[in-house]
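The values are calculated or read from the model by the stated rules, or taken from the named source; none is laboratory data. These figures come from a predicted structure and were not determined experimentally. Cβ sites come from the backbone with ideal geometry, for glycine too, and all protein chains shown count toward neighbours. Note: accessible area is taken over every heavy atom of the protein model, side chains too, but ligands, DNA and RNA are not part of it. Shrake-Rupley method; radii C 1.70, N 1.55, O 1.52, S 1.80 Å.
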Amino acid sequence: MRATVLRTQTTAAARRPGRLILTGLAILVASFVVFGTVLVQQITERTVRDNLSGTPAVTDLVIGSVDVQPPTVTDVRQVRAVPGVAEAVARVATGVSIGEGYLNLQSDPGTGPLTTVRVIEGSYPDQPGEIAITPRTAERLGLSVGTTTSGTGGELTTPAPLTVTGVVETSADAGYDAYAPDSAVIAWARLTTVERVDVRVAPGASTDAVRQRVTAAVAGQPIRSGAEVREAEAQAAAEQVGRLFILVGMFVSIAVVAAALVVTSTFRIVFAQRMRQLALLRAVGASRATLVGALTAEGALTGLVAGVVGVASALTLGYALPAILRATGHDVSSPGLPLAAAVAVVIGAVVITVLAVLAPALSAARVSPLEALRAASVTAGRRGIGVSRLVFGLLLAGGAVLAAVGTISQLPKPEQSDYDPSMPLLLLVGSGALAFFALVALGPLLVRPVLAVVGWPLRQLGPLGRMSVGGIGGTPRRAAAVSVVVALGVTLISGVVIGGASLQILTDREMALSAPSDFEVTSNGGTLPPAVVSRAEAADGALARVVPYRMVDDARLLRGADKLGDGESGYPTSDLDLAALPSTGDLDVAQGTLTDRGPGRIVLNSWVARDAGLRAGDTVTLAVATGTVDVRVAAVLPGDGPLHAGILADPGDLDRLGVPAAYTGLLADAAGAGEDGRTAGVRALRQAIGGSDGVGLAVLADERDRNDALVRTLVWVAVGLVSLTVLIAVVGVGSTTALSVVERVRESGLLRAIGLSRTGLRIMLTVESGLYGVIGAAIGLVLGIPYAWLAVETLGIEAPMTAPLLPLAGLFVVLVGLTALAGVLPARRASRVSPVVALGADN
Amino acid sequence: MTTHAPPETSHAAVAAVDLVKVYGSGDTAVRALDGVSVGFGRAEFTAIMGSSGSGKSTLMHCLAGLDTATSGRVLLGGTQLTGQSDRTLTRVRRERIGFVFQSFNLLPQLTAAQNITLPLDLAGRQPDAELLAHLVRVLGLGDRLNHRPSELSGGQQQRVALARALVARPEVVFADEPTGNLDSRSGAEVLTILRDSVRDLGQTVVMVTHDPIAAAYADRVVLLADGRLAGEIDKPNQVSVTDALRDLAARR
Ligand SMILES: Nc1ncnc2c1ncn2[C@@H]1O[C@H](COP(=O)(O)OP(=O)(O)OP(=O)(O)O)[C@@H](O)[C@H]1O
Ligand SMILES: [Mg+2]
């Protein structure tokens, strides 16, 4: 009996391989994603290793390490004298201040196998005081081949001349890189020690013998082989990749959970389709256990096929992609052949599928033998959920609410400094997980109310809309199973979108304060010569805005004669005109308003307000060494002030305090856009500065760009990872629609017979599939937005609550579109079937 | 008894002319209909009879524009159905034809009332409230309108299907073994309703059946054998139908 039952089930599956693939599609995609991740990790690791621009490969010995006393210049000389040493290169880097800005001067031979640079213009330096620079450095600092400037660095404290003799290309160009041979660097900067010495052994000489002689020459210095050092560097790089992939792994596991849910629901549909057949088997004497066994075996088979296909396609792509990328000139290594991982993924696919199939198999096996005698037309899916499921779901939901309340109670109070986010964050994640499983359990009950709301406009559209809504409402369990997966995806993405928007606001605010303009000219404690300011103001072709300001470091706040606050030194105070810069024009405030600024009013940053115990509206005395003035607090900022000022005061008040009229710095924005505009701005400001002593120029825009790029990258990476879950959700909607189209082929036939057109049927089924997306996205947004807000609050980063409406609406539309699209193919197929054939189909 | 009745296409509600339907091709080809010419009069209740596999369902599907014939013509009230596009056939089915199948007549997710008005909904038409009320009363569905098919008995489901077929006032109602799944009492109810719709509403009804008792409700019986017309009986009764069927079986 057992074997016969198994055979009827497996031949049914084999007769329709398409259905088998459809059922297992989510698992197939999950296996693909999991194994693909393993391969991508390998590709990344190998690529990082192979393209590591650390120690050159021809290095035989490396003397010195960061853990011990650095090698001395004498050591270098002694190593060079050792017989069998073909080349010994000291590696050292030192910071150099020149009039144009900051340089990182690094030693490099410039020629030979140990070099890491390539001369592209001029010649490589060979004398102390000569340097080669990178192209970006040339542009940024306004240097070119032949330019002579002067600077200090290393042990050199009185400025000495530096001449640019060449431009070199390197693997990384930060915009402030200079190179010279080690001897030149050591001599110019008066260095006595270096970071390490790279040794190349002469051809023919024994590395071991040379190593022994070098060890004797530099007693006490650790010596490693070049291979060892490279390995350590690679290891460090690989470790970073590994850490990154732990994060990736978390998202992948969420995707796997989603796949398991999708498979559970697809099996439910497949088994529901076979209800009559199963009932027949029961009627002729098959036991429940036999049925469960046969259905589970089918699940295992599905998992096996899906796992193998998924792994195989990931492997194919994993080998094809790097090859294609290499052909188009990218340095990407191929992955290895991780057999153990492949087997593990396939076994995992089988196990997860079997687990997923268990619940539907058990409930399918509970079918009453009588079901076989009933006409197929009446076996509509069960609508409600069992009592135990209801209770379980309510318990889960209760737990989620409790955990959320716990999180809220632990949120940081304003001004709380010892806030530790780990506990509330853990509670929040727990609450989210509970809420999700509550959704899985209670889903069928939610579908109809949600549908009543979101389906309303559709129902107004006519009979097709009504039938689509009715079709979903009539099978709430199936609809819930699919929508929940979509909801999971939308919850995650909306969380990322909102988190990203909050982060953006936070960094914008941070940037408005630390980098309020493209450029800053500072006098490093002195004052700017008036000519610098007037020349900068005159350069309006290159500079859009020039905002000079005064900054005093030692302002105090007094009430009567008492000094407020605990700080030893005073508060940095500036008269920067906030309205003059776009980035500071619309700063957000914690208390008061910025429009209240003016003579007799000050704005405090949050730290000063806390330290001095002041709130917006309080009156206080502002004091410097030369005088005092009574002011009122107009506003308190949520964090730091622009230019890290503690107090922003009116210029008139600074005058009354007796602060000298000479400016201490100025902010300016480039007139043109992009790298060219920025370079023009830098040139204009450098001309304005001329030879003024102690006046420095900082390009704040570069820092801002790096930050912006970082935030954007973070958000995109997160969206990419979360998309895995969305992909599985869409696959789930597609396979569910396809299966339910098969399941309902007689329904389609009937509708066609009584006069539904082909287009009508297609529209109806596509709309139904889109409705899964609508329900899922609606639930997902309702859950995702509050959770994202709570998460941002929980992190305690003082970011405001935002609801980026446009991206969220876009997300909704895209998901509904995707799910509708997933239904297009099955709907087409259904509409092609002739009504007679459809009506005659045996179910 | 003649083997070929002259096609009465002129005054027929629906008629077939030299209709041929071949399933498959080559060795496995089956000529389900082999040159059938027959007409079904307006406001007439016709039963199609014949042994299993004789082509009754195929003929009905072709007449109703559900299936396309291999050759020959189908005329519905003067409109030629053969060679029409799927779009036209769909509209014909929706507006001019009603169906009752042997099983699977109703959409499981819709209530009885929604199932009844479904074709009108699809056509964007309002049901004739008076007719609907009349049908619901006659069919005894008053207290079942908000039930779903799974909550109805087989006979009740069949009556809902009947209401659906009649409420749109189609030119022809086709019924394929409408009583096949019903006990004799429910069957008799359904047949009475069909006959009454012909008498009272002037409805044209074409019904496929194996049951001489059911056929006796009809005004005329058309006999099919091996895809060909094998005779007909006017004003049939149970005895004449049984005899005709016995003759038919003996001739093979
Ligand atoms: N889709 C099909 N493909 C191939 N042959 C078919 C198909 N449908 C019907 N036939 C064949 O056409 C012939 C007529 O079939 P049809 O269904 O019209 O018979 P019927 O008179 O309705 O029989 P029954 O009384 O058993 O319902 C049969 O021989 C059948 O095997
Ligand atoms: Mg038949």
For the stretch B:57-64, check the following and say yes or no: at least one residue is touching a Gly at 6+ places or on another chain (Cβ under 8 Å) and of a type in the set (Gly, Ala, Ser).
no
Residues that are among the polar types (S, T, N, Q): list the strands (runs of 3 or more DSSP E) wholly contained in the stretch A:107-226 that include at least 2 such residues.
A:148-153, A:156-169
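Given the criteria open to solvent by 60 Å² or more (accessible area, probe 1.4 Å) and either within 14 Å of another protein chain (Cβ to nearest Cβ) or of a type in the set (D, E, K, R) (or both), does B:GLY124 qualify? Before you say what the answer is, go through the steps one by one.
On the way: open to solvent by 60 Å² or more (accessible area, probe 1.4 Å): yes; either within 14 Å of another protein chain (Cβ to nearest Cβ) or of a type in the set (D, E, K, R) (or both): yes.
Considered against the rule, which asks whether it is open to solvent by 60 Å² or more (accessible area, probe 1.4 Å) and either within 14 Å of another protein chain (Cβ to nearest Cβ) or of a type in the set (D, E, K, R) (or both), B:GLY124 comes out as yes.
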Would it be correct to say that B:SER197 is more than 16 Å from ligand 2 (Cβ to nearest atom), over 13 Å from the mean Cα position of the chain (by Cα), open to solvent by 10 Å² or more (accessible area, probe 1.4 Å) and without any contact (Cβ under 8 Å) to a residue 40 or more places away in the chain?
no
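Residue under question is B:ASN146, and the condition is that it be within 16 Å of ligand 2 (Cβ to nearest atom) and within 14 Å of chain A (Cβ to nearest Cβ); does it hold?
On the way: within 16 Å of ligand 2 (Cβ to nearest atom): no; within 14 Å of chain A (Cβ to nearest Cβ): yes.
No, not satisfied.
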Candidates A:ALA312, A:ALA364, A:ALA320, filtered to the one that is small (Gly, Ala, Ser), at negative phi and over 31 Å from the mean Cα position of the chain (by Cα):
A:ALA364
Is it the case that B:VAL17 is away from ligand 2 (no atom under 16 Å from the Cβ), at pLDDT 90 or above and surrounded by 20 or more Cβ atoms within 10 Å (Cβ to Cβ)?
no
What tally of residues in the stretch B:96-121 results from selecting those that are facing chain A (nearest Cβ under 7 Å), within 19 Å of A:GLY462 (Cα to Cα) and under 20 Å from the mean Cα position of the chain (by Cα)?
3
How many residues does the stretch A:463-483 hold that are free of Cβ contacts under 8 Å to residues at least 60 places away in the same chain, farther than 14 Å from A:GLU747 by Cβ and open to solvent by 10 Å² or more (accessible area, probe 1.4 Å)?
2
Somewhere in the stretch A:460-479, is a residue within 14 Å of chain B (Cβ to nearest Cβ) and touching a Pro at 6+ places or on another chain (Cβ under 6 Å)?
yes
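What residue, among those in the stretch B:227-246 that are open to solvent by 90 Å² or more (accessible area, probe 1.4 Å) and not β-branched (Val, Ile, Thr), is nearest to B:ALA16 (Cα to Cα)? Write out each step before concluding.
Residues of the stretch B:227-246 that are open to solvent by 90 Å² or more (accessible area, probe 1.4 Å), as a first pass: B:228, B:234-235, B:238-239, B:246.
This time we only want the ones that are not β-branched (Val, Ile, Thr), so: B:228, B:234-235, B:238, B:246.
Numbers: B:ARG228: 12, B:ASP234: 19, B:LYS235: 21, B:GLN238: 27, B:ARG246: 26 Å.
Of everything passing the filter in the stretch B:227-246, B:ARG228 is nearest to B:ALA16 (Cα to Cα).
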Does A:GLY399 satisfy being modelled with pLDDT under 80 and either away from chain B (no Cβ under 14 Å) or open to solvent by less than 40 Å² (accessible area, probe 1.4 Å) (or both)?
no
Quick one: which residue in A:VAL629, A:VAL620, A:VAL589 is open to solvent by 20 Å² or more (accessible area, probe 1.4 Å) and either part of a strand (DSSP E or B) or touching a residue at least 12 places away in the same chain (Cβ under 8 Å) (or both)?
A:VAL589
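Each row is one residue, and each column tells you yes or no for (1) within 11 Å of chain B (Cβ to nearest Cβ); (2) buried (at least 24 other Cβ atoms within 10 Å of the Cβ); (3) modelled with pLDDT of 85 or more.
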{"position": "A:THR725", "(1), (2), (3)": "no, yes, no"}
{"position": "A:LEU750", "(1), (2), (3)": "yes, yes, no"}
{"position": "A:THR759", "(1), (2), (3)": "yes, no, yes"}
{"position": "A:VAL767", "(1), (2), (3)": "no, no, yes"}
{"position": "A:ILE775", "(1), (2), (3)": "no, yes, yes"}
{"position": "A:VAL782", "(1), (2), (3)": "no, no, yes"}
{"position": "A:PRO786", "(1), (2), (3)": "no, no, yes"}
Out of all the residues in the stretch A:505-516, is one or more buried (at least 20 other Cβ atoms within 10 Å of the Cβ), within 14 Å of another protein chain (Cβ to nearest Cβ) and in a helix (DSSP H, G or I)?
no
Those residues of the stretch B:175-204 which are away from ligand 1 (no atom under 16 Å from the Cβ) and either hydroxyl-bearing (Ser, Thr, Tyr) or touching a Ser or Thr at 6+ places or on another chain (Cβ under 7 Å) (or both) amount to B:SER184, B:SER186, B:GLY187, B:VAL190, B:LEU191, B:THR192, B:SER197, B:GLN203, B:THR204
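If a residue has to be part of a loop (DSSP other than H, G, I, E, B) and of a type outside the set (A, V, I, L, M) to count, how many in the stretch B:212-252 make the cut? Steps first, please.
Filtering the stretch B:212-252 down to residues part of a loop (DSSP other than H, G, I, E, B) leaves B:216-219, B:226-227, B:235-237, B:252.
When the remaining residues are screened for being of a type outside the set (A, V, I, L, M), the result is B:217, B:219, B:226-227, B:235-237, B:252.
Number satisfying all stated conditions: 8.
Return the only residue of B:ARG185, B:ARG148, B:ARG164, B:ARG159 being open to solvent by 10 Å² or more (accessible area, probe 1.4 Å) and closer than 15 Å to B:VAL138 by Cβ.
On the way: B:ARG185 fails: closer than 15 Å to B:VAL138 by Cβ; B:ARG148 fails: closer than 15 Å to B:VAL138 by Cβ; B:ARG164 fails: open to solvent by 10 Å² or more (accessible area, probe 1.4 Å).
Just a single option satisfies the conditions, and that option is B:ARG159.
Which one of A:VAL308, A:VAL345, A:VAL351 is surrounded by 18 or more Cβ atoms within 10 Å (Cβ to Cβ), modelled with pLDDT of 90 or more and assigned by TED's automatic domain parsing to the domain that holds A:GLY249?
Values: A:VAL308 fails: surrounded by 18 or more Cβ atoms within 10 Å (Cβ to Cβ); A:VAL351 fails: surrounded by 18 or more Cβ atoms within 10 Å (Cβ to Cβ).
Within the list A:VAL308, A:VAL345, A:VAL351, the selection yields A:VAL345.
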Number of positions in the stretch B:28-68 that are more than 16 Å from ligand 2 (Cβ to nearest atom), surrounded by 21 or more Cβ atoms within 10 Å (Cβ to Cβ) and either within 12 Å of chain A (Cβ to nearest Cβ) or of a type in the set (Asp, Glu) (or both)
1
